[in-house]
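Shown next, in structure tokens, is the structure this report addresses.
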Amino acid sequence: MANVLIVAGHPRINDDSVANKTILEELERLLPGAEIDRLGVLYPDYVIDVDAEQAKLAAADVIVLQYPLWWYGFPSLLAKWMEDVFVRGFSHGSTGIALRGKKLVVSLTAGAPKAYYSADSVDINALLTPVTATCTLTGLECVGSLCLFGVSYANRTDEALLADMVARSREHAKRLADLVTNL
């Protein structure tokens, strides 16, 4: 299997997540050789170790961004990570070739149901424009995206809805692992 780096962008993964936490736990089981970079655990103060993160990216063949969709974009910690790590001379520019040819998969979660993200309201594909533009700039090859819809915080108060969220999160992780394994 290729060298896989999963960058988990939820800033409070252990305290404030069901879906993303479940997805990562399942990916640990399904992709035991993958490195999981839990940004919220590594950088709760938002001070990124740029050299360490760039080394992880340089060693990876496949990069997975796993994050909750917050206000129609990246959580602030994931945005900060990208701002600090994806710099001219590393990821882009005349000498910035470290990411060229690597494969990128986007896996995200959304609290709202899938029906909310339709062409008539909020197009989920349009929300991925920053990712596709980043791929164009850096030479990353975006090979797919998966979204798990309807994993709202409100569902945690009902046992049946919570159990459904966990089950669907595990299914999402399985689809993601299959996508990554078949690259």
Mind listing just one residue for me: the one in the range 11-47 that is touching a residue at least 60 places away in the same chain (Cβ under 8 Å) and small (G, A, S) and, of those, nearest to F74 (Cα to Cα)?
A19
Restricted to the range 112-137 and to residues being open to solvent by 60 Å² or more (accessible area, probe 1.4 Å) and modelled with pLDDT under 80, the residue nearest to I97 (Cα to Cα) is D123
Might you let me know whether the range 138-148 holds any residue that is without any contact (Cβ under 8 Å) to a residue 60 or more places away in the chain, in a helix (DSSP H, G or I) and either surrounded by 12 or more Cβ atoms within 10 Å (Cβ to Cβ) or not β-branched (V, I, T) (or both)?
yes
Take the conditions open to solvent by less than 60 Å² (accessible area, probe 1.4 Å) and either charged (D, E, K, R) or in a strand (DSSP E or B) (or both) and apply them to L104. Does it pass?
yes
Given (1) open to solvent by 30 Å² or more (accessible area, probe 1.4 Å); (2) in a helix (DSSP H, G or I); (3) of a type in the set (G, A, S), number of the condition S169 does not satisfy
(1)
The one condition L146 fails out of (1) over 13 Å from T22 (Cβ atoms); (2) in contact with a Leu (Cβ under 8 Å, 6 or more places away or on another chain); (3) at pLDDT 95 or above is (3)
Tell me, please, whether a residue that is hydroxyl-bearing (S, T, Y), farther than 20 Å from G144 by Cβ and touching a residue at least 60 places away in the same chain (Cβ under 8 Å) can be found in the range 70-87.
yes
Consider S91 against the criteria (1) within 15 Å of the chain's Cα centre (by Cα); (2) more than 20 Å from V180 (Cβ to Cβ); (3) surrounded by 19 or more Cβ atoms within 10 Å (Cβ to Cβ): it satisfies all of them except one. Which criterion is unmet?
(1)
Between residues in the range 164-183 that are closer than 17 Å to A8 by Cβ and residues that are of a type in the set (G, A, S), which pairs lie under 7 Å by C-beta distance while being six or more apart or on different chains?
S169/A19; L176/S107; L179/G144
Looking only at residues that are closer than 20 Å to R175 by Cα and among the hydroxyl-bearing types (S, T, Y) in the range 95-116, which one is nearest to the chain's Cα centre (by Cα)?
S107
Take the residues in the range 14-47 that are surrounded by fewer than 19 Cβ atoms within 10 Å (Cβ to Cβ) and of a type in the set (V, I, T); name whichever of them is farthest from L148 (Cα to Cα).
V47
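The values are calculated or read from the model by the stated rules, or taken from the named source; none is laboratory data. Keep in mind the model is a prediction, meaning the values are calculated, not measured. As a convention, Cβ positions derive from the backbone with ideal geometry for all residues, glycine included, and neighbour counts pool all protein chains shown. These accessible areas exclude ligands, DNA and RNA; they are computed on the full protein's heavy atoms, side chains included. Shrake-Rupley method; radii C 1.70, N 1.55, O 1.52, S 1.80 Å.
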